[in-house]
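Novice: I have a structure here, written as structure tokens, and I will follow up with some questions on it.
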Amino acid sequence: MAVNEKRPTLFFDRDGTLNRDTGYIKSPEELVLFPGVVEAIKQCNDLGMPVMVVTNQSGLARGFFTTEDLESIHQHLKDQLCNGGAWIDDIFVCPHHPDDGCECRKPNPGMIEQAAARYSIDLEKSYVVGDKYIDVELAARSGLKGVLVKTGPSSEEAHCMIQANQLSVVFIADGLKDAVDWILQDIQS
Ligand SMILES: [Mg+2]
Ligand SMILES: [Zn+2]
């Protein structure tokens, strides 16, 4: 594949999608991956699909944890993936408070734009996978395909909002593994 060729890319939400969402995660020990997540990400890695994380972390602006804490949380995430032979290509974080009116807090498209500025991405053939309505809304706003996973605390609410707003979500998955299996089929069609 040519270096500058635009590639389909997978954007995964973090909390409630990769790991249990227990509220604000402030330390590495609190980040507990769901079963099958390492294997699902490895599957994408093996196929040469870039995997990136897009995560709202307003706990930074709220002073619940520091950027150093967040770095060690993400190091812990990378270590767990690495132990299973998997990796994440990049992590994009919105550190702002909802009242800040920033461009990067999901569902605003800022983090996808940052990624598209840094990497060669085929946005139309890329996906956002997340457990909240804002994740699939981000996909819709940025021209990507949205996949909802049912592993988060507000997945049920998200499901209702999708129906109420008639947002076109391409798939509703039981979890990340199910989402990835579906995406890898879909991407070939
Ligand atoms: Mg989430
Ligand atoms: Zn932001």
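The values are calculated or read from the model by the stated rules, or taken from the named source; none is laboratory data. Everything numeric in this text was worked out from a predicted model, so none of it was measured. Neighbour counts run over all protein chains shown; Cβ positions are idealised from the backbone, glycine included. Just so you know, the surface numbers come from the protein's heavy atoms only, side chains and all, with ligands and any DNA or RNA stripped out. Shrake-Rupley method; radii C 1.70, N 1.55, O 1.52, S 1.80 Å.
Novice: Straight distance only, please: which lysines reach the Cα of LYS6 with their own Cα at less than 27 Å, same-chain residues fewer than 8 apart left out?
Specialist: Partners within reach: LYS42, LYS78, LYS106, LYS125, LYS145, LYS177.
Novice: Once all Cα-Cα distances of region 71-189 are split into 10 Å bins that start at 0, what whole-number percent is in each one?
Specialist: 12, 38, 41, 9, 0
Novice: Given an 8 Å cut-off on Cα distances and at least 6 residues of separation, report the relative contact order of the chain as a percent.
Specialist: On the way: 344 pairs, mean separation 46.1, N = 189.
Relative contact order of the chain: 24 percent.
Novice: Quick one: Cα centre-to-centre distance for region 9-56 and region 123-174, in angstrom?
Specialist: Computed from Cα coordinates, the inter-centre distance equals 16 Å.
Novice: Further question on the same structure: Accessible area per residue, 1.4 Å probe, Å², for the chain: what's the number?
Specialist: Each residue of the chain exposes 48 Å² on average to a 1.4 Å probe.
Novice: Another one. Along the charge dipole of the chain, pointing to its positive end and built from +1/-1 on Cβ of Lys, Arg, Asp and Glu, which listed residue (GLY130, THR67, GLY143) has its Cα farthest out?
Specialist: GLY143
Novice: How large, in percent, is the carbon and sulfur part of the accessible surface of region 1-124 at a probe radius of 1.4 Å? Please list the in-between numbers first.
Specialist: On the way: 2990 of 5980 Å².
Ligands and nucleic acids excluded, carbon and sulfur reach 50 percent.
Novice: Right, something else. Give the relative contact order (percent, whole number) for region 1-69; include only Cα pairs under 8 Å separated by 6+ residues.
Specialist: 41
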